[in-house]
Amino acid sequence: MVTMGRYYFQTLFFFSLSCFIISFSHALSNGFSVELIHRDSLNSPLYQPIQNKYQRVSNAIHRSIDHLSYINSLNNIPRSIVIPDLGEYIMTYSLGTPPVKIYGIVGTGGDIVWLQCQPCKQCYKQATHVFDPSKSKSYKNLPCSSKQCKSVDFHSCNKNNSCEYSIDYVGGTVSEGNLGLETLTLDSTSGHSASFPNFVIGCGHKNTMYFEGRNSGVVGIGGGPISLVTQLGSSIGGKFSYCFGPSMSNSTSKLNFGDAAVVSGRGVVSTALVKKSPPIFYFVTLNAFSVGNKTIGFSKPPVEGNFIIDSGTTLTILPSDIYKNMESTLVALVKLKRVEIQIKF
């Protein structure tokens, strides 16, 4: 068993699932799937061969704590600050006419698809070519008077009446630029691509990121008005699901849309999503959990929507009283030597 110094988690917020399905409606549509690659996978463009497994675990813990810090301070910071789903899985998509391949970090806590664009006023080092909207026949700036622009909390208007955005992530990542309309294409694992014209993207001209590589930006799949899944909307029947494979392997994971998102069969269970603020997050209600044959509940009746499903948080984070009950029960059942790892925060 691993204990992380004297750090205790005070708030019940995050629950990272390896398999997760979201359905917003009962409409049916043709489905498709795209590949997800864990950032620590051997196939990942962000893979760091010089890091050992303990460093990777430490980095994952730090990212999880950043997520928790953001949620705990949510009521005290501007809405333009968003959760940093910037460290776990990446996906490829294409943008523009002709299409250009883009690598984006994907997460359920994000509500915008943004990438680095030319001209770069301030961009982080990117191993692949930075997208140039002037070379695309289908790109156009989003006007401030548009419905899409007004639906975004973190927008502003420039002197040309074009819609701009500015996002600061907990952890130091920043992106500022224009909101534009472009053709987005997803390469399906079935071999057939799916294109979506007039897709709202963030074309970042001033960006910083705490790690560099081939990634071009972020693909938000949260519940915000311009996230990937919200914009795909009726074309996927309001449904998507993901299933994460092992991180350190040659296998890839899947992000499924439409009919392909349906998970069925023996052992499949479901729970209701709870609509709460902020709407970009996916809330569920956790009543209790078990260790062996012992059920561990809450000292008070659980609040509806007390857990957030977050693909970017590696750890399951619990309040200190629940964590202590879980720890003592686990210690009583597992008769093995405990190992303590000190991690500085």
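The values are calculated or read from the model by the stated rules, or taken from the named source; none is laboratory data. Worth saying up front: this structure is predicted, and the values here are computed from it rather than measured. A quick note on method: Cβ atoms are made from the backbone with ideal geometry, for glycine too, and the neighbour counts reach across all protein chains shown.
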> Exactly one of (1) more than 23 Å from Y242 (Cβ to Cβ); (2) in contact with a Phe, Trp or Tyr (Cβ under 8 Å, 6 or more places away or on another chain); (3) among the charged types (D, E, K, R) is unmet by D310. Its number?
Replying inline: (1)
>> Go through the stretch 255-274 and report how many residues are part of a loop (DSSP other than H, G, I, E, B) and of a type outside the set (A, V, I, L, M).
In response: 6
>> Conditions first: (1) touching an Asp or Glu at 6+ places or on another chain (Cβ under 9 Å); (2) touching a residue at least 60 places away in the same chain (Cβ under 8 Å); (3) not hydroxyl-bearing (S, T, Y). V130 passes all but one, so which condition is the exception?
In response: (1)
> What single numbered condition from (1) at pLDDT below 95; (2) buried (at least 17 other Cβ atoms within 10 Å of the Cβ); (3) not acidic (D, E) fails to hold for K121?
Replying inline: (2)
> Which residues, counting only those in the stretch 101-118, are surrounded by 20 or more Cβ atoms within 10 Å (Cβ to Cβ) and not in a loop (DSSP other than H, G, I, E, B)?
Replying inline: I102, Y103, G104, I105, V106, G107, I112, V113, W114, L115, Q116, C117
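Take S80 and decide whether it is under 22 Å from the mean Cα position of the chain (by Cα), modelled with pLDDT under 55 and closer than 21 Å to C163 by Cβ. First the steps, then the outcome.
Values: under 22 Å from the mean Cα position of the chain (by Cα): yes; modelled with pLDDT under 55: yes; closer than 21 Å to C163 by Cβ: yes.
It is true that S80 is under 22 Å from the mean Cα position of the chain (by Cα), modelled with pLDDT under 55 and closer than 21 Å to C163 by Cβ.
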>> If Y282 satisfies all but one of (1) surrounded by fewer than 17 Cβ atoms within 10 Å (Cβ to Cβ); (2) under 23 Å from the mean Cα position of the chain (by Cα), what's the number of the condition it fails?
In response: (1)
> Restricting the stretch 278-304 to residues that are of a type in the set (G, A, S) and in contact with a helix residue (DSSP H, G or I) (Cβ under 8 Å, 6 or more places away or on another chain), which is nearest to T329 (Cα to Cα)?
Replying inline: G292
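State which residue is surrounded by the fewest Cβ atoms within 10 Å (Cβ to Cβ) when the search covers only the stretch 125-178 and only residues that are among the acidic types (D, E) and within 16 Å of D111 (Cα to Cα). Show your work before the answer.
Taking the stretch 125-178 as the starting set, the residues that turn out to be among the acidic types (D, E) are 132, 153, 164, 168, 176.
With the extra rule that they be within 16 Å of D111 (Cα to Cα), the set shrinks to 153, 164, 168, 176.
Working: D153: 15, E164: 22, D168: 18, E176: 20.
Per the stated criteria, the residue is D153.
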>> With the requirement that a residue be in a loop (DSSP other than H, G, I, E, B) and closer than 28 Å to Y242 by Cα, what does the stretch 277-296 give you?
In response: S277, P278, P279, I280, F281, T285, L286, N287, A288, G292
>> Every residue in the stretch 300-335 that is among the polar types (S, T, N, Q), touching a residue at least 60 places away in the same chain (Cβ under 8 Å) and over 26 Å from P279 (Cα atoms), please.
In response: S320
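Could you pull out every one of the strands (runs of 3 or more DSSP E) wholly within the stretch 136-228 that has 1 or more residues that are among the aromatic types (F, W, Y), modelled with pLDDT under 95 and under 24 Å from K125 (Cβ atoms)? Working first, answer last.
Details: elements: 155-157, 163-169, 174-187, 193-208, 217-220.
Passing ranges, in order: 163-169.
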